[in-house]
Amino acid sequence: MRLIEVSELRKAYAGRVVVDGVSFSVERGEIFGVLGTNGAGKTTTVECLQGLRSPDSGTISVLGLDPARDTAELRRRVGTQLQDARLPEKLRVREALSLFASFYPNPADIELLLTQLGLDAHRDIAFGKLSGGLRQRLSIALALVGRPELAILDELTTGLDPHARQETWQLVENVRASGVTIVLVTHFMDEAQRLCDRLVLLDQGRVVATGTPAELLAITGQPTLHEAFVALTRG
Ligand SMILES: Nc1ncnc2c1ncn2[C@@H]1O[C@H](COP(=O)(O)OP(=O)(O)OP(=O)(O)O)[C@@H](O)[C@H]1O
């Protein structure tokens, strides 16, 4: 079943078109990657999915809802981890989760979430004192606290060391195994190769390829997703 359907999405800022006729769909239960060059329109596209920005034209259906119209309901049913999300420095891990849980009608069990995300031992640490890896884990926990059907993760492992990246990938796989569909915005080809079932590749606001990582290698005849990306963009 299709959880997201995007058709001919267009968005301009001050007359400059940054998303130019983008179409793709996401199936329930998959990890779907949104990849692309800098400024390709990835964040704008996922912001339209969340109802944070209004498209100029095109149609979007997320969980059968229109993000521009049904924003409040989507906010309850979609978990989002935003690029560079920051919290008050003194807010402790558990306090942050309790605060966010209070925004939802049927939140997740916070104790369970702390354990699942490896945050139990860090529950009393203030946000300002957390390492990059722990901040990232907390931001994923916050995206999951409302028991979402869909989680949107933007720049999941930017700035993390290789160990923290591996751990974060494992967490994301666990989240998917628990039944949550995931849209992952990433710059990292190794991350996409490891995690994504399918992906859309954007360049200058347009879709240049959609498919599984293996299909992208087959289309381009390249040995790695990194080389396929280079071959397909700015070409
Ligand atoms: N609020 C805004 N006003 C004007 N221009 C914007 C705004 N937000 C984004 N842009 C521009 O729109 C283009 C697409 O931005 P967007 O953030 O969607 O791309 P992206 O693919 O996520 O980029 P990156 O990989 O660099 O994060 C960029 O050129 C960006 O500078």
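The values are calculated or read from the model by the stated rules, or taken from the named source; none is laboratory data. Keep in mind it's a predicted model, so treat the numbers as computed, not measured. Glycine gets a Cβ as well: all are built from the backbone with ideal geometry, and neighbour counts include every protein chain shown. Note: areas computed on protein heavy atoms with side chains; ligands, DNA, RNA excluded. Shrake-Rupley method; radii C 1.70, N 1.55, O 1.52, S 1.80 Å.
Sorting the segments 183-189, 142-148, 208-214, 105-111 by their mean number of nearby beta carbons within 10 angstrom, highest to lowest, gives 142-148, 183-189, 208-214, 105-111.
Two tests apply to each whole DSSP H helix in the chain, Cα reach of 15 Å or more along its axis and mean Kyte-Doolittle hydropathy of at least -0.5, and the ones passing both are 132-144. Computed over protein heavy atoms with a 1.4 Å probe, the carbon and sulfur contribution to the accessible area of the chain reaches 51%.
The residue list VAL22, LEU184, SER98 was ranked by how far each Cα lies along the charge dipole of the chain toward its positive end, using unit charges on Cβ atoms, and SER98 comes out on top. In straight-distance terms, cross-link reach from LYS11 covers every one of the lysines whose alpha-carbon lies under 21 Å from its own, apart from those fewer than eight places away in the same chain; here that gives LYS42. Just check the stretch 136-235 against the gyration tensor rule for me: Cα atoms, a ≥ b ≥ c as the square roots of the eigenvalues, rounded for a/c under 1.5, and otherwise prolate or oblate depending on whether a/b exceeds b/c. Prolate, since a/c reaches 1.5 and a/b exceeds b/c.
Note on ILE4: accessible area is roughly 0 Å² with a 1.4 Å probe, heavy atoms of protein only.
Grab the other residues whose beta carbon is less than 12 angstrom from that of ALA101, score K and R as +1, D and E as -1, and report the net.
Values: positive: ARG94, ARG147; negative: GLU95, ASP109, GLU111.
Here the charged neighbours net out to -1.
Its Cα centre serving as origin, the stretch 1-115 has a Cβ charge dipole (Lys and Arg +1, Asp and Glu -1) of approximately 260 debye.
Computed over neighbours whose Cβ is under 13 Å from that of ARG123, the net charge equals 0, Lys and Arg +1, Asp and Glu -1.
Can you compute the charge dipole magnitude of the stretch 2-232 about its Cα centre, using +1 on each Lys and Arg Cβ and -1 on each Asp and Glu Cβ, nothing else charged? Give it in debye, rounded to the nearest 20.
Working: 25 positive and 29 negative charges, 109 e Å.
Using Cβ point charges on Lys, Arg, Asp and Glu, the stretch 2-232 gives about 520 debye.
The residue among ALA228, VAL208, ALA151 whose Cα reaches farthest toward the positive pole of the charge dipole of the chain, with charges on the beta-carbon of Lys, Arg, Asp and Glu, is ALA151. With the charge dipole of the stretch 1-134 set up from +1 on Lys and Arg Cβ and -1 on Asp and Glu Cβ about the Cα centre, the Cα lying farthest toward the positive end among the listed residues THR80, LEU9, GLY39 is that of GLY39.
When only the Cβ of Lys, Arg, Asp and Glu is charged (+1, +1, -1, -1), the dipole of the stretch 52-150 relative to its Cα centre reaches about 260 debye.
Over the chain, with the other protein chains present, what is the accessible area per residue in square angstrom, probe 1.4 angstrom?
Values: 10970 Å² over 235 residues.
Ligands and nucleic acids excluded, the result is 47 Å² per residue.
List the longest stretch of the chain that has no exposed loop site; here a site is one of the trypsin sites (Lys or Arg not before Pro) assigned by DSSP to anything other than H, G, I, E or B, with at most 16 other Cβ within 10 Å. If you can, show how the numbers build up before the last one.
On the way: sites that count: ARG28, ARG69, ARG86, LYS90, ARG123, ARG234.
Of all site-free stretches, the longest is 124-233.
Taken along the Cα-to-beta-carbon direction at a fixed 7 Å, the label points for ARG16 and GLU149 span 3.7 nm.
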